[in-house]
Structures are given as C-alpha cells and as structure tokens.
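Report on one structure; see the data block that follows.
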Amino acid sequence: MDLRRVLWLIHLGMIIFVGWQGVMAMQAADLVTYLRDVSGRTASYLLLGTLLFAPLSRLWPRLRLYIKVRRYLGLWGFCMVLIHVIVWVSLEFAFDWSLMWQEVNDNLFIWLGLVALILLLPMAVTSNNKAVRRLGFRRWQGLHSVAYLIVPLSLGHYFMAQKVASGEPIVLLLVLLLLMFWRFKYAD
Ligand code: HEM
C-alpha cells in the first residue's frame with residue numbers, strides 16, 4: 001500500500017481511538033483514572049511498537065519503505081504521554097505543585113515516568129526531516145537511540161504503577177527483553 005495512505009490511516013485510526021476513549025471516559029466510574037490509565041497504556045504500546053520496526057524490517061525488508069510509520073507511532077506515543085501527564089497535573093492534582101512534588105518523591109515509579117518524559121522531549125522535537133538535515137544522520141540516529149532507554153523506563157514505570165498484579169506489563173516487558181536481546185546480538 002502507498003505510504004501516504006498508510007500514514008493517513010494511522011492518523012485517522014488514532015483520532016477515532018482518542019475520540020472513542022473520550023466517550024468511554026465520560027461513562028467510566030472514575031473519569032480521571034480512566035483517562036490517565038488509558039493514555040499511559042496506549043503510550044506504552046506505541047513506544048514499544050517503534051522498537052519493533054528494526055527486527056521486523058530485517059525479517060521483511062519491504063517494511064523499510066514504511067520507515068516513516070515509526071516516526072508517527074513515536075509522535076502519537078508522545079502525544080499520549082502528554083495527555084497522561086496533563087490529566088495527572090490538572091485533573092488529579094489541580095496544579096498543586098507542592099503536593100505533586102511530594103507524590104513524586106514518595107514514588108520511584110513516577111521518577112521513572114518523569115525521566116522517560118524528559119528523554120522523550122528532544123526526540124519528539126527532532127522527529128522531522130529538517131532536524132535530520134541539521135544534526136546530520138549519525139548524530140540524529142545517536143539521539144534517537146535513546147528510545148532504547150525510554151521504553152524500558154516507561155515499562156518499568158507501568159509495571160511498578162500496578163497495585164494489583166496484572167499480566168499486561170509483564171507481557172510487554174518480555175517483548176522488550178526479546179527486542180533488546182535481538183538488538184545486541186544482531187543489530188549493526
Ligand atoms: C513515557 C512516559 C510514561 C508512560 C509511557 C506512562 C505509562 C503509564 C502506564 C501504562 C500506567 C499504568 C496504567 C494502568 O494501570 O492501566 C501509568 C500509571 C501512572 N502514571 Fe505514567 N507514564 C509515563 C509518565 C508519567 C509521568 C511523567 C507521570 C507523572 C509525573 C506519570 C504518572 C502516573 C501515575 C500517577 C500513574 C497511576 C498510578 C496508580 O495507579 O496510582 N506517568 N503510567
């Protein structure tokens with residue numbers, strides 16, 4: 001399929017998904033928790049998805065034609081993280097910065113999320129062709145390999161945020177482990 005059509009479908013799919021989750025949130029017993037959790041989980045899947053591109057395109061070289069898909073998965077992942085944090089800051093803590101600071105200090109998992117967010121910022125800002133030209137491909141690639149740190153931090157945050165044991169973050173962490181194994185064994 002034509003790359004432009006694939007990208008268009010991704011954007012449309014994400015816009016429908018966000019709208020749909022907005023409607024579901026209105027009907028949820030706890031709107032804030034629903035929004036915070038669904039945005040956090042979606043971000044985790046999208047960010048992990050960006051790392052799947054390298055091994056999959058080695059298996060199916062034609063996938064390299066769709067490398068731009070990775071950029072937009074990452075950018076949508078970043079948007080989901082922003083929604084996640086905006087919900088936390090505004091709806092959960094009503095901009096009470098001292099209370100937020102206390103919460104951050106009391107919870108290692110929030111630190112992991114914060115570090116992941118900080119590392120995501122330069123990646124999101126440089127996810128465009130202009131930045132690749134300005135930085136040069138090697139430096140740009142070096143900067144973007146930080147994704148291999150961001151995803152473990154995000155999934156560590158997800159795992160530690162669970163109050164009741166859930167299989168979902170464990171499955172994602174296992175996929176990540178396999179990916180890392182592949183990365184160090186086969187990647188050039
Ligand atoms: C890359 C960055 C991040 C990702 C991918 C992420 C993802 C997630 C996920 C998947 C969950 C669990 C949702 C569930 O249980 O269904 C979660 C929970 C949470 N996250 Fe994040 N998060 C990130 C950054 C942050 C940041 C920066 C903060 C706050 C400053 C934060 C605050 C929280 C809180 C308070 C919870 C809920 C914990 C609870 O259940 O009480 N997250 N996050």
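The values are calculated or read from the model by the stated rules, or taken from the named source; none is laboratory data. Just so we're clear, the structure is a prediction, and the values are computed from it rather than from any experiment. FYI the Cβ positions are ideal-geometry reconstructions off the backbone, even for glycines, and counts take in every protein chain you see. Please note that ligands, DNA and RNA were not included when accessible areas were found on the heavy atoms of the full protein model with its side chains. Shrake-Rupley method; radii C 1.70, N 1.55, O 1.52, S 1.80 Å.
General remarks:
- Pairs, first in contact (Cβ under 8 Å) with a residue 24 or more places away in the chain and more than 14 Å from residue 68 (Cα to Cα) in the stretch 125-136, second open to solvent by 50 Å² or more (accessible area, probe 1.4 Å) and in a loop (DSSP other than H, G, I, E, B), C-beta under 6 Å, six or more apart: none
- Contacts under 6 angstrom Cβ, first residue in the stretch 164-188 being more than 12 Å from residue 44 (Cβ to Cβ), partner surrounded by 12 or more Cβ atoms within 10 Å (Cβ to Cβ) and modelled with pLDDT of 95 or more, 6 or more apart: 179/51
- Of all residues making up the stretch 150-177, the number that are of a type in the set (A, V, I, L, M), within 11 Å of the ligand (Cβ to nearest atom) and closer than 19 Å to residue 77 by Cα: 6
- From 91, 63, 120, residue being within 21 Å of residue 158 (Cα to Cα), open to solvent by less than 80 Å² (accessible area, probe 1.4 Å) and either assigned to a helix (DSSP H, G or I) or out of contact with any Cys (no Cβ under 7 Å at 6 or more places or on another chain) (or both): 120
- Out of 101, 8, sole residue that is surrounded by fewer than 12 Cβ atoms within 10 Å (Cβ to Cβ), more than 16 Å from the ligand (Cβ to nearest atom), of a type outside the set (Val, Ile, Thr) and modelled with pLDDT of 95 or more: 8
- On the stretch given as the stretch 1-28, residues that are under 19 Å from residue 83 (Cα atoms) and not in a helix (DSSP H, G or I) total 1.
Residues checked against (1) within 20 Å of the chain's Cα centre (by Cα); (2) under 22 Å from residue 52 (Cβ atoms):
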position: 108; (1), (2): yes, no
position: 115; (1), (2): yes, no
position: 129; (1), (2): no, no
position: 132; (1), (2): no, yes
position: 138; (1), (2): no, no
position: 143; (1), (2): yes, yes
position: 156; (1), (2): yes, yes
position: 168; (1), (2): yes, yes
position: 184; (1), (2): no, yes
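- Residue count for the stretch 66-85 under the criterion of being open to solvent by 40 Å² or more (accessible area, probe 1.4 Å) and more than 16 Å from the ligand (Cβ to nearest atom): the result is 5.
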